[in-house]
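Peer 1: Have a look at the structure that comes next, please.
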């Protein structure tokens, strides 16, 4: 059996997309994922400037001859990045697959489509998915409440969100959030998705992340995440540690909290330093409930191959559920 979906036909890969993750979507991971047969994704904003992204793209090309994409996420920030500069740099370096996410992506999507690119847009509601559909994206990535990072403010889990997508959307969609093994991938295919976007598996594979963090992901369970920024209406699911719980405590104070009250605690550079030092309590880092089903640290090649084989077995085994009635 070979898995064939609208995503595999579009990308020429197995129906798995590496999530675009801050500090994690670096050349070594993107190249390894693409080499393994899935779609690797570089995270543009992990790089400090558009020129640094150019070099990251070139480095990825030195590591793999296979296609990979670039993620650009538009989120509320005190100092907005040069989104247009990152987009132009990637286009000029020959990238033709993009993952977009976040607020008001219309102009970015229009630019990429004008350049003949494939655009996968990630969203957390059917309302936003239908808006992106009108903008002309090729594939939607439907992000359930189980996900790491920003799950939106409506708290709808993947099971219902994907079923709604099957009812409402006219273009292919992949599933994102809470998927880390073959059962998850087979499940979302049954719900109508044409593939899966996987983030947490990448965290335990990427080279720049300290082994202590990888081990912590394997040891952790689905209960070991927490939401921060709920009171600021910019909810993020992160690893439950001393820093994130301090942020939650500040948010729960009478009268609430302003971003300035937690700014130092949630610094992105502090989270990056925690990855490098191997200290899971050093800063804030994104984590999905899918940690509960992660049990080992394989290579990208082994993980992608294993998921593909097991998904085929699961789908094939479902035929046993259907019993023909005797005439």
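Just so it is clear, none of the values below were taken in a lab; they were calculated from the coordinates. None of the values given here were measured: they were computed from a predicted structure. All Cβ positions, glycine included, derive from the backbone under ideal geometry; neighbour counts span all protein chains shown.
Peer 1: Between the stretch 138-162 and the stretch 97-137, what's the alpha-carbon centroid distance in Å?
Peer 2: Taking the Cα centre of the stretch 97-137 as reference, the centre of the stretch 138-162 is 16 Å away.
Peer 1: Sort 2-14, 115-127 for me by packing, meaning the mean count of neighbouring Cβ atoms within 10 Å per residue, highest on top.
Peer 2: 115-127, 2-14
Peer 1: Tell me the label-point distance for the pair residue 107, residue 263, using the 7 Å Cα-to-Cβ offset, in nm and rounded to one decimal.
Peer 2: My value for the distance between the label points is 2.5 nm.
Peer 1: While we're looking at this one, here's another question. In whole percent, what relative contact order does the chain give with Cα contacts below 8 Å and a gap of six or more residues?
Peer 2: About 16 percent, as a whole number.
Peer 1: What ranking, highest mean first, results for peptides 293-300, 276-283 when packing means the other Cβ atoms within 10 Å averaged over each residue?
Peer 2: On the way: 293-300: 15.1, 276-283: 16.9.
Answer by packing, highest mean first, reads 276-283, 293-300.
Peer 1: Taking the Cβ of each residue in 128, 233, 210 as the centre, tally the other Cβ atoms inside 10 Å and list the residues starting with the fewest.
Peer 2: 233, 210, 128
Peer 1: Follow-up question, since we're still on this one. Length gain on complete extension for the stretch residue 315 to residue 160, per 0.36 nm per residue less the alpha carbon to alpha carbon distance?
Peer 2: Working: separation 155, 0.36 × 155 = 55.80 nm, distance 2.08 nm.
Between residue 315 and residue 160, full extension yields 53.7 nm more.
Peer 1: Calculate how many DSSP beta bridges within the chain are antiparallel, expressed in % of all such bridges and rounded to the nearest 5.
Peer 2: If we restrict to bridges inside the chain, about 20 percent are antiparallel.
Peer 1: Quick check on the exposure proxy: order 23, 285 from fewest to most C-beta atoms within 10 angstrom.
Peer 2: 23, 285
Peer 1: Per the helix-only calculation at 222 nm, which mean residue ellipticity applies to the chain, given -39500 (n - 2.57) for every DSSP H run of n ≥ 4 and division by its residues, nearest 500 deg cm²/dmol?
Peer 2: Values: 14 runs with 133 residues, N = 327.
Rounded to the nearest 500, the figure is -11500 deg cm²/dmol.
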